[in-house]
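Inspection log for the structure reproduced underneath, given as structure tokens.
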Amino acid sequence: IATLDGASSITASRRAFGTVPFGKPEFAFDGDPTTAWQSGYFGTAIGQSIRVVFSRRQLVTQVTLQTQLTSPVALDRVRLLVGNFQTEVAVTPGASSVVQIPSVFADSVELTIDSVSGRGLNGVGLTEISVPGVVVSEIARLPTTFSDLSDGLSSTDETLIARAQLDVLFERQQGTNRDAGDDEERALDRLFSLPANRSFTFKATAQGANLLPADVRAWLSGASGSSPPALDPGAPFGCATVAWLDSTPVRARLSGSARPLTEGGTLDLVPCDADPLELAAGTHRFRSSFIWTLDTVHLSSLGSKEPLAPAVDDSGPLVNATSSSPTSVAGEVAASAVPFYLVAGQGYDARWHATLDGVSLPAPSVLDGYSVGWRIDSGTEHRFQISFEPQRSLEASAAASVAALVVALAIVVRPRRRRRTARRRR
């Protein structure tokens, strides 16, 4: 699930020729100079707008605009609306413009393209719209199902999970393989949750030929021999911070051969430190560096060697069914020291009804993925009755119909007997 951190929303006017994921409006506020909000293709730039709504009211004293260098069509003038303050700004393609604002308290900032220079079909854009004190990030949150289901487990189950291998995988949303500007994501920014403390190893794949040693770059450009040089983990490249895990830098180095870069592939990253990454139970954030383009990240935990606790009998109390049919069952359940579930073994339907010692139980739950059932707290022996409400209604209707028929027959037969008695008297 994609979420925004630092802003309530970021929106842009609808493009006349559809949307492009590599030019989404969030890119104008991500702090990455290599990404940009792009719009205005095929001569539709004038009137296009972008707006950020802050998470809370902000005192704005200046706004910095970094325009994208485009050709032949380029941005010329934009209109900036900060709260109730509005101003027109002349901009230079590929350059920054610092707009001074007379100390306005604002809920949002909106920018509209007023004019462009040049003629052509290309789009225009802004790489950054910066407001002091406002940092906006688009974060993808991984599902929390695993952590949610782990809450409330028995100590035995918690030990089993702790002993099992756990892998956390991230993959960047990409576009065309050989065009980095076509990617929906330039950086990995992920939130994930762990049910317990874990130790992880790290490995990743990455792009970024500009970070390679000089001899490798020369080989890639065709200026050196035909054999791809190896990537020495020592000099001149060494280790670098490729990401942050919460506030801890993740340091890694390139490994293997540079040949994959010429084939539209990626290079392997291996950790510089031998010590694993120690993560506590709870929510964590992984953020890759803007300098590095990480395609995939693999965090792996082999699990602990903690011995299993002695097995606990959780089979539940003994149940004795005294009567049973497709639409009802009655019986007795033995005393239990712990809560348990009374499972009917019938497909879930909210119209099933159960009583315990003559007292109606709450609405049923879905158990074992399909069956209707009820939670029973620990206690003494109980008598239970489970029945399907439509069948009870049918039986009650049938009984009422039989009773009505008996009454009708009695009414019919009784006058006849009276007439016969009267005739005999005559």
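Does residue 190 satisfy the condition of being within 27 Å of the chain's Cα centre (by Cα) and modelled with pLDDT of 90 or more? Walk me through how you get there before you give the answer.
On the way: within 27 Å of the chain's Cα centre (by Cα): yes; modelled with pLDDT of 90 or more: yes.
Considered against the rule, which asks whether it is within 27 Å of the chain's Cα centre (by Cα) and modelled with pLDDT of 90 or more, residue 190 comes out as yes.
Looking at segment 11-23, is at least one residue open to solvent by less than 40 Å² (accessible area, probe 1.4 Å) and either on the phi > 0 side of the Ramachandran plot or part of a strand (DSSP E or B) (or both)? Taking every residue of segment 11-23 in turn, at least one turns out to be open to solvent by less than 40 Å² (accessible area, probe 1.4 Å) and either on the phi > 0 side of the Ramachandran plot or part of a strand (DSSP E or B) (or both). Would you mind stating whether residue 150 is farther than 24 Å from residue 5 by Cβ and at pLDDT 90 or above? Considered against the rule, which asks whether it is farther than 24 Å from residue 5 by Cβ and at pLDDT 90 or above, residue 150 comes out as no.
The values are calculated or read from the model by the stated rules, or taken from the named source; none is laboratory data. Please read these numbers as outputs of a predicted model, since none were measured by experiment. Positions of Cβ are generated from backbone atoms using ideal geometry, with glycine treated the same way; all protein chains shown enter the neighbour counts. Side chains included, ligands, DNA and RNA excluded: accessible areas come from the protein's heavy atoms. Shrake-Rupley method; radii C 1.70, N 1.55, O 1.52, S 1.80 Å.
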